[in-house]
1. What are the pairs, 6+ residues apart or on separate chains, where a residue within segment 56-76 that is closer than 21 Å to ARG148 by Cβ has its Cβ under 6 Å from a residue that is in a helix (DSSP H, G or I) and charged (D, E, K, R)?
2. If we keep just the residues of segment 23-47 that are closer than 30 Å to PHE183 by Cβ and surrounded by fewer than 16 Cβ atoms within 10 Å (Cβ to Cβ), which is farthest from the chain's Cα centre (by Cα)?
3. Could you tell me whether any residue of segment 138-157 is away from the ligand (no atom under 15 Å from the Cβ), surrounded by 12 or more Cβ atoms within 10 Å (Cβ to Cβ) and part of a loop (DSSP other than H, G, I, E, B)?
4. Please verify whether ASP70 is more than 11 Å from the chain's Cα centre (by Cα), more than 24 Å from GLU165 (Cβ to Cβ) and not hydroxyl-bearing (Ser, Thr, Tyr), treating the condition exactly as stated.
5. (1) of a type in the set (Gly, Ala, Ser); (2) farther than 25 Å from ILE173 by Cβ; (3) surrounded by fewer than 18 Cβ atoms within 10 Å (Cβ to Cβ): which one isn't true of ALA50, the others all being true?
6. Just checking, does segment 109-125 include any residue being within 11 Å of the ligand (Cβ to nearest atom) and not aliphatic (A, V, I, L, M)?
7. Return the pair list, or none, for Cβ contacts closer than 7 Å from residues in segment 1-23 that are charged (D, E, K, R) to residues that are in a helix (DSSP H, G or I), at least 6 apart or on different chains.
8. Need at least 1 residues that are closer than 25 Å to LYS153 by Cβ, more than 15 Å from the ligand (Cβ to nearest atom) and out of contact with any strand residue (DSSP E or B) (no Cβ under 8 Å at 6 or more places or on another chain) per element, so show me which helices (runs of 4 or more DSSP H) inside segment 1-87 make the cut, counting only ones lying wholly within it.
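Each reported figure results from applying straightforward, stated rules to the coordinates on display, with no laboratory input. Because the structure is predicted, anything quoted here is derived from the model rather than measured. All Cβ positions, even for glycine, are placed from backbone atoms using ideal geometry, and neighbour counts span all protein chains on display.
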Amino acid sequence: MKNVIIFGPPGAGKGTQSKLIAEKFNLFHVSTGEILRKEIESETILGRVAKHYVEKGELVPDEVIMRMIDEIFVEQNKLKKFKGYLFDGFPRTLHQAKELNKMLKQYKQSETIVINIIVSEKEILKRLLNRAKLENREDDSEDVIMNRINVYKKQTVEVLNYYKEINIKIVDIDGEDTIENVFKKICKHLKPLLD
Ligand code: AMP
């Protein structure tokens, strides 16, 4: 099984790139943010718990996220038609990363690569404020955006150090380019692993 983790700050283009990558390389796209937004919209119990955090730009507690991931793993075990998972917006804490590592170890030949999309803070702010106007996402107001960037710096960046420690390959990609060019650069690195 080959897995890809798309890493980067909010507004780096993780969602857009993930959709393209998942389709091209036949990976099962797991976006925790998308799942949470659907749960919130459908007003499920999980959605009601998550709403409180998402609206403020805080991270949803690890237990809630790991329960979601557990469920996906159980279902996917039955399917087997994908080459592996593409994780988008997950893991976002050290705990999530360690738990994911344990879960992936149950597969004998599991290989994971991290695509780290790098975008400056100035560009992120510009993109997120623009998205707030276009998509009307509740978590895209200016103070919430600032909080999401700070949460990324405080809680999520350390995930990269963990992957370095356990020798998972991390590929840095300059995300300040067109969608097509960023996708091309990512594909160049993924092809040898996934084709
Ligand atoms: P995203 O669409 O990935 O930017 O996620 C939107 C929001 O959902 C985040 O700001 C968090 O509140 C929540 N969220 C998504 N993924 C996670 C995760 N792996 N851990 C904790 N919270 C998450």
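1. Taking only residues 6 or more apart or on different chains, the pairs are GLY57/ASP139; GLY57/ARG148; MET66/GLU99.
2. Going residue by residue through segment 23-47, those that are closer than 30 Å to PHE183 by Cβ are 23-41.
Next, only the ones that are surrounded by fewer than 16 Cβ atoms within 10 Å (Cβ to Cβ) stay: 23-24, 26, 34, 38, 41.
Working: GLU23: 16, LYS24: 17, ASN26: 17, GLU34: 10, LYS38: 16, GLU41: 20 Å.
Only one residue tops the list, namely GLU41.
3. Here is the first cut: in segment 138-157, the residues away from the ligand (no atom under 15 Å from the Cβ) are none.
No, segment 138-157 contains no residue that is away from the ligand (no atom under 15 Å from the Cβ), surrounded by 12 or more Cβ atoms within 10 Å (Cβ to Cβ) and part of a loop (DSSP other than H, G, I, E, B).
4. Details: more than 11 Å from the chain's Cα centre (by Cα): yes; more than 24 Å from GLU165 (Cβ to Cβ): yes; not hydroxyl-bearing (Ser, Thr, Tyr): yes.
For ASP70, the condition - more than 11 Å from the chain's Cα centre (by Cα), more than 24 Å from GLU165 (Cβ to Cβ) and not hydroxyl-bearing (Ser, Thr, Tyr) - is met.
5. So ALA50 meets the others, but not (3).
6. Here is the first cut: in segment 109-125, the residues within 11 Å of the ligand (Cβ to nearest atom) are none.
No - not one qualifying residue is present in segment 109-125.
7. LYS2/LEU193; LYS2/LEU194
8. Numbers: elements: 14-25, 32-41, 45-56, 62-79.
It comes to none.
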